[in-house]
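J.: Take this structure, written in structure tokens, and hold onto it; I'll ask about it next.
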Amino acid sequence: MVQSDMAKPLLSADPVEGATPRVLPHGDTVGILGSGDFARSLAARLLFAGFKVVVGSRNPKRSAALFPAEVEVTLQEDAAKRADLLFVAMFREHYPTLSRFSDALAGKVLVDVSNNHEINLHGESNAEYLASLLPKCHVVKGFNVVSAWALQSGPQDGNKQVLICSDSPEARSRVSLVARGMGFIPVDMGALCAARDIENVPLRLLPSWKMPVLLAAGLFVFFYGYNFVRGVLHPYLVEKKNAFYTMPVKLVNVTLPCVAYVLLSLVYLPGILAAFYQLHYGTKYRRFPGWLDGWLKHRKQMGLTSFFCASLHAVYSLCLPMRRSARYLLINEAVKQMKANASGVWVEEEVWRMEIYVSLGIIALGTLAILAVASLPSVGNSLNWREFSFIQSKLGFAALILGTLHTLTFGWRRAFLRSHYKFFLPPTFTLTLAVPFAIILGKMVLLLPCVDTRLTLIRRGWEKGRRVTFAAQTDAELAQSASSV
């Protein structure tokens, strides 16, 4: 047999000095039915955690070399007899083969770790299908959301949560004990009917990113088309100039900051709307509308997408002078200057505008980078609530202000020049300023003392129209109360 990296132990199997082996409530041996990649990682992780491991394989002699020496590899039927808790690390189509030794598996806990290739591929979950084949067993769905990499490297470098469900509370408890022994955090999802949702978790492709990505793509298409009409189509039709060469780089570079700026604005707009919603109803206990609630939940992804577009804009801007077309245009301008016998073309106002414009853009990008880093779980978990709130709220709003100043400096007086209205369309930056200006105006209203005080009371539990009053008692009522005591 050809030796490969999988023939080496995935983790060191040497016992740790002073460590006491973790045992199960009804035995200290864990079985694994299957000898694939996930089974090897699982066996190494169990062994490293202090459990005894027995692996059931259809060909033990061939599979033994792939596991650590401390793992006993035997036939599947023998493994079924040796352990009270077994991990079924097999594909769904191989489940019927376990019916051959159903008597040996009767009353034991089977942990189904399988996943499908597509969401809702079958009418029932794999765990429910396994339970129907072996009705005398206690089937538990679990460990399918943990990757082989997390098992090899340990939970500190992967997902720590293990979703578990079963119709047997005792079986769920036993599997939870094993998960904790391996260093993971078990999450009880209830009955076995939740197995389909658990099996769909690894198959979802960035579910929280769908709306932000589609929104960013829609904004990019809109602004790219808008810039194409103004910057390419108008010169071609009106001035008979060919500017189609600007489409791959320059036109994209003009579009990216528009997308980044609008996305950053949309991160803080729902917070303003939520504040006015609470002020209008005078309570914090009334649920937000569904669209606003979903918008609030996607703010992190929208902010990271904004940072991505802003970073691309910075890279594209640095590459603009490297283009061959930029060199040709620079030479042409120099030739025109020589023919006109002009000694210099220095414009003080334009110099200062570009210096301030570039400086504000760099500071805004750096601020966005801090927001992006702070949103990482490993960084955010090390911050207390006040620090996290300051970065995401105060510093984030400062990034929006810097982005607004960056845009205004870029526009300068162009919004008031008729020559910049191509096909009577205003410059692109004027469109992007609408939402940020509305947010800044709304924030200024919320900072007014009368409004801020009322909003603070609402968020502390005060509700409009609900007051507790204390009526003064008469002398007769006081005497009656004293006599009753």
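J.: Just to be sure I understand the model, the point goes 7 Å from the Cα along the line to the Cβ. What's the resulting SER359 to LEU408 distance in nm?
T.: Computed distance between label sites SER359 and LEU408 equals 1.6 nm.
J.: Taking amide H positions as placed 1.01 Å from N in the peptide plane, with prolines and chain starts having none, which residues 5 or more places from VAL53, or on another chain, fall under 5 Å of its amide H?
T.: Under 5 Å from the amide H of VAL53 lie the amide H atoms of VAL30, GLU72, each far enough along the sequence or on another chain.
J.: Can I ask one more? In the chain, carbon and sulfur make up what percent of the accessible area (probe 1.4 Å)?
T.: That fraction is 62 percent.
J.: Any of LYS284/LYS443; LYS52/LYS108; LYS210/LYS300; LYS250/LYS443; LYS394/LYS443; LYS297/LYS394 with alpha carbons more than 23 Å apart? Name them for me.
T.: LYS250/LYS443
J.: Order the following by accessible area, largest value first: MET354, MET247. Probe radius 1.4 Å; ligands, DNA and RNA are ignored.
T.: MET354, MET247
J.: If R0 is 60 Å, what FRET efficiency do you get for LEU447 and HIS94 from their C-beta distance, rounded to 0.05?
T.: 0.40
J.: Something else: Full extension from GLU70 to ALA342: what is 0.36 nm times the residue separation minus their Cα-Cα distance, to one decimal in nm?
T.: Separation in residues times 0.36 nm, less the Cα-Cα distance, equals 89.4 nm.
J.: I would also like to ask the following. Would you tally the net charge around GLU355, using a Cβ to Cβ cut-off of less than 12 Å, leaving GLU355 out, and scoring K and R as +1, D and E as -1?
T.: After counting each charged neighbour, the total is -2.
J.: While we're looking at this one, here's another question. With label points built 7 Å along Cα→Cβ from the Cα atoms of ALA191 and LYS464, find their separation and express it in nm.
T.: Spacing of the two 7 Å Cα→Cβ label points: 4.4 nm.
J.: Still on this structure, I have one more. With each pseudo-label sitting 7 Å past Cα toward Cβ, what's the PHE423-ASN381 distance in nm, one decimal?
T.: 5.2
J.: Let me ask another. How much accessible surface area, in Å² rounded to 10, belongs to the heavy atoms of ARG454 with a 1.4 Å probe?
T.: Result for ARG454: roughly 90 Å² accessible.
J.: Provide the per residue accessible area, probe 1.4 Å, for the stretch 135-206, rounded to a whole number of square angstrom.
T.: 46
J.: I'd like the distance between the alpha-carbon centres of the stretch 195-230 and the stretch 372-443, rounded to an integer number of Å.
T.: Result: 21 Å between the Cα centres.
J.: Also, quick follow-up: What are the ³J(HN,Hα) values, in whole Hz, obtained from phi via the Karplus relation 6.51 cos²θ - 1.76 cosθ + 1.60 with θ = phi - 60°, for each residue of the stretch 115-120 in sequence order, with x given for Gly and Pro?
T.: 9, 9, 8, 9, 6, 6
J.: Using the Cβ atoms and a cut-off under 10 Å, what net charge is assigned to the surroundings of VAL53, where Lys and Arg are +1 and Asp and Glu are -1?
T.: The answer is 0.
J.: Per residue of the stretch 181-195, in order, report the coupling 6.51 cos²θ - 1.76 cosθ + 1.60 (Karplus, θ = phi - 60°) as ³J(HN,Hα) in whole Hz, putting x for Gly and Pro.
T.: Whole-Hz 3J(HN,Hα) from phi for the stretch 181-195: x, 8, x, 9, 10, x, 10, 6, 9, x, 6, 5, 5, 7, 5.
J.: Please label the shape of the stretch 267-377 as rounded, prolate or oblate, based on the square roots a ≥ b ≥ c of the eigenvalues of the alpha-carbon gyration tensor (a/c under 1.5 means rounded; beyond that, a/b larger than b/c means prolate, else oblate).
T.: It comes out prolate by the Cα gyration axes.
J.: Further, regarding this structure: May I ask you to rank THR74, THR97 by accessible area, largest first, using a 1.4 Å probe over the protein chains only?
T.: The residues order as THR97, THR74, largest area first.
J.: Please list, ordered by chain and number, the residues whose modelled amide H lies under 5 Å from the amide H of LEU75; skip anything fewer than 5 residues away on the same chain.
T.: SER57
J.: Right, next: Could you go through the stretch 125-137 in sequence order and give the Karplus-derived ³J(HN,Hα) for each residue, using 6.51 cos²θ - 1.76 cosθ + 1.60 with θ = phi - 60°, rounded to whole Hz, and x for Gly and Pro?
T.: Values per residue, Gly and Pro as x: 6, 5, 5, 5, 5, 5, 5, 5, 6, 10, x, 8, 9 Hz.
J.: I would also like to ask the following. So, for the stretch 262-414, what is the accessible surface per residue at a probe of 1.4 Å, expressed in square angstrom?
T.: 62
The values are calculated or read from the model by the stated rules, or taken from the named source; none is laboratory data. A quick note: this is a predicted structure, and the numbers were derived from the prediction, not measured. Positions of Cβ are generated from backbone atoms using ideal geometry, with glycine treated the same way; all protein chains shown enter the neighbour counts. Side chains included, ligands, DNA and RNA excluded: accessible areas come from the protein's heavy atoms. Shrake-Rupley method; radii C 1.70, N 1.55, O 1.52, S 1.80 Å.
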